[in-house]
Amino acid sequence: MDAFALIAAGLPVPEGDQDCVNELITWGYVVIDSEHGNRPVALDPDDVSRRLLEQELREANRRVQKMTVLPSITQQLAGPFQRAKLRAGGGSEYIADAAVVNARLDDVVGSAEWEILAAQPGGPRTEVQLNRSVERDTAALERGVAKRTLYRATVRDNAITCQYARTMTTRPTGKSAEFRTLVGPFERAIIVDRRVAFISNHLVAGAPEHAAWQVTDPGVIAYMVAEFDAKWRRADPWHGELARRGREEVDTVSGPAAVRTTPRQREILRDIVVGRAQQATAQRLGISLRTLGVEIAELKSLFDAESLPELAFRWALSPDRLVDDTDHTTDVGGAGAEGEGEEAAA
C-alpha cells in the first residue's frame, strides 16, 4: 500500500521496496512505462479489479462447464474400458507395472465404503510400506470402513509391524482395525467392499515381481471372501503384542503403557466373563451399583462394545486379559488408585 501510494503520487520507491512493486505489477495494479526510463505507473484500482474479476468469472465458468461434461465423458469411455477388461479375461485384468498396481489400489481403497479385507502372507513389511499404509488405512477407518488384516504368525517377532498393529487397533476416533495371525501359508489378496480384489500373479510367466491381477468377477470375489473368512476363523487375534519369550506374561511393543484398563476395570471384566451378578461385583469391590454402571459404560466405550456379551468377547481378545494384577507395576499411571479415591469421596 505504501509503495502504491508513492507510485500514484509520482514519487520514487525505495530500492528496498522493489518486491512490493513487483507484486503490484503481478496483480496488474502497476505497469512499467518503458518509454520513460522504466518507471512504474499506477492504474485505477477499480478498473483493474473489475477486469480481474471478469477474468476469474470466465475461468470459473470454464471449470463449471468442464465438470458438467465429465459424467458424459466418463460414460462414453467406460464402455471401451470395460470391453477391454473383458477381453483381458472376464472380470480380471493383469497389471504388470507396480506403480499402476499401487495407483489402482489407492483409488479403490480410497473409495471403500464399508469393508476392506487384506491377506498379507509375505511376513513383516518395511517401515516405508507400513507408513504408507497408515495414512491410507486411517482415512478409510475415519470414514467408518471396517478393516480386517490377516498376517503370518512370524510378524509377531517384528517390532515395526507390531507397532503398526498397536497404532491401528487403539485409535482414539473412528473405527479400529482388526488383526489376526495364522501359522502356515496362504495367498495374498486385498478385497474391497466385496466388489473389487487384487491378487498376486500366478499366470503370466516371467512377470515382474510386483505384478498383480485386479478382479471384479462377483463369483470369484465371493469365493475369495469365503476363503478369507475360513482362515480368519482359524487365526489368532492380535493387537500388536510381540511374541512371548520364556515366562513373560505380557510383552507388547509399548510395554506396560499398552494396557488400556485399570486394575478395578479388569476386576469388573473378569466378573462379567464368569457371569457374576453386578450387585455381587459392586459389593465385592466396595462401590455402589450406580458407580459400577458408570464403569461398565466406560468399558463399553473403551472396547467399542454394544452389549455385555460383546464387551466380554472383546476383553477376551485384548492383551489386557494377560495382565497379572498381583504385580501392580503393570498398571497405567496409577489410574486405578485415582479411581478408588473418587469412589471413597462419593
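Rg and Dmax, both from the Cα atoms of segment 100-164 and both in Å, are 12.1, 33.
Here segment 1-32 is scanned for amide nitrogen atoms under 13 Å from the site 7 Å beyond the Cα of Asp47 along Cα-to-Cβ, giving 29-31. Considering only Cα atoms, the convex hull volume of segment 135-237 works out to 127 Å³ per residue. All distinct Cα pairs of segment 162-208 go into the 1/r average, and the inverse of that average, the Kirkwood radius, is 14.0 Å. Provide the FRET efficiency to the nearest 0.05 for the Arg63-Val204 pair, computing r from the beta carbons and using R0 = 41 Å. Using R0 = 41 Å, I get an efficiency of 0.50. For segment 125-195, the alpha carbon convex hull comes to 93 Å³ per residue, rounded to a whole number.
None of the figures in this text is laboratory data; all of them are computed from the coordinates on show. Every value quoted in this text rests on a predicted model; they were computed, and no experiment measured them. A quick note on method: Cβ atoms are made from the backbone with ideal geometry, for glycine too, and the neighbour counts reach across all protein chains shown.
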